[in-house]
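Encoded as structure tokens, the structure appears first; notes follow it.
The values are calculated or read from the model by the stated rules, or taken from the named source; none is laboratory data. These numbers come from a predicted model, not from an experiment. Cβ placement follows ideal geometry from the backbone for every residue including glycine, while neighbour counts extend to all protein chains displayed. These accessible areas exclude ligands, DNA and RNA; they are computed on the full protein's heavy atoms, side chains included. Shrake-Rupley method; radii C 1.70, N 1.55, O 1.52, S 1.80 Å.
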Amino acid sequence: MQSHIPSGKIAFIDEILATKANESFRVTGHLASFEASKDVATITSTESKGKLLIRTNLLEDFPFKIGALFQFIGEFNVKNKALRARVARNVDGMDTKLYAEAIKLCRKHGRLPM
């Protein structure tokens, strides 16, 4: 039996926080806090008003730097309002305004779901 791991819908923090179902998401934001002992981080972004809680227990030896720009892929738990990250990468240097604009344009022309 083969299990299917969803790729993660590209979404902004506020969109994830507003979702009503447990889903897989890809989200980008600046690391606002990280507590290694609790395996918990929070991210923020200029495109969203809210903060997203990230569970980091599946990520090993990852260099979390406060203020750095990260992209996470994981499963969002509606009850806990947290994303359990299974993939993380540092994307410092990415133009976040251009990235957000590209997402919005792709959605407008039906190239990206959400």
Problem set entry | Residue-level accessible surface for LYS81, protein heavy atoms, 1.4 Å, Å² | 80 Å²
For this session: Among ASN77, PRO63, GLY110, pick out the residue whose Cα is farthest towards the positive end of the charge dipole of the chain, where Lys and Arg carry +1 and Asp and Glu carry -1 on C-beta, about the Cα centre.
Result: GLY110
Problem set entry | Over the chain: Kirkwood hydrodynamic radius from C-alpha pairwise inverse distances, Å | 14.5 Å
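What does the helix-only formula give at 222 nm for the chain: each DSSP H stretch with n ≥ 4 adding -39500 (n - 2.57), the total divided by the residues, and the result rounded to the nearest 500 deg cm²/dmol? Walk me through the numbers before you get to the answer.
Numbers: 2 runs with 19 residues, N = 114.
Calculated at 222 nm, the ellipticity per residue is -5000 deg cm²/dmol.
From Cα pairs below 8 angstrom and at least 6 apart in sequence, can you work out the relative contact order of the stretch 1-67, rounded to a whole percent?
Details: 93 pairs, mean separation 19.0, N = 67.
Averaging sequence separation for qualifying contacts and normalising by length gives 28 percent for the stretch 1-67.
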Exercise. Placing +1 at every Lys and Arg Cβ and -1 at every Asp and Glu Cβ, with all other atoms neutral, what dipole size does the stretch 1-107 have around its Cα centre, in debye to the nearest 20?
Worked result: 320 debye
Seminar exercise, completed: Reported to the nearest 10 Å², ARG26 has, with a 1.4 Å probe, an accessible area equal to 70 Å²
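Accessible area of the stretch 28-100 with a 1.4 Å probe: how many percent of it is carbon plus sulfur? Each step should come with its number before you reach the end.
Details: 2130 of 4190 Å².
Accessible surface attributable to carbon and sulfur in the stretch 28-100 totals 51 percent.
From Cα pairs below 8 angstrom and at least 6 apart in sequence, can you work out the relative contact order of the chain, rounded to a whole percent?
Numbers: 214 pairs, mean separation 28.0, N = 114.
Here the relative contact order equals 25 percent.
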For this session: Pick out, in residue order, every one of the GluC sites (Glu not before Pro) in the stretch 25-113 that is DSSP loop and has at most 13 other C-beta atoms within 10 Å; say none if there are none.
Result: GLU60
Exercise. Under 23 Å Cα-Cα from LYS97, which lysines qualify once same-chain neighbours fewer than 8 residues away are excluded?
Worked result: LYS9, LYS49, LYS51, LYS65, LYS108
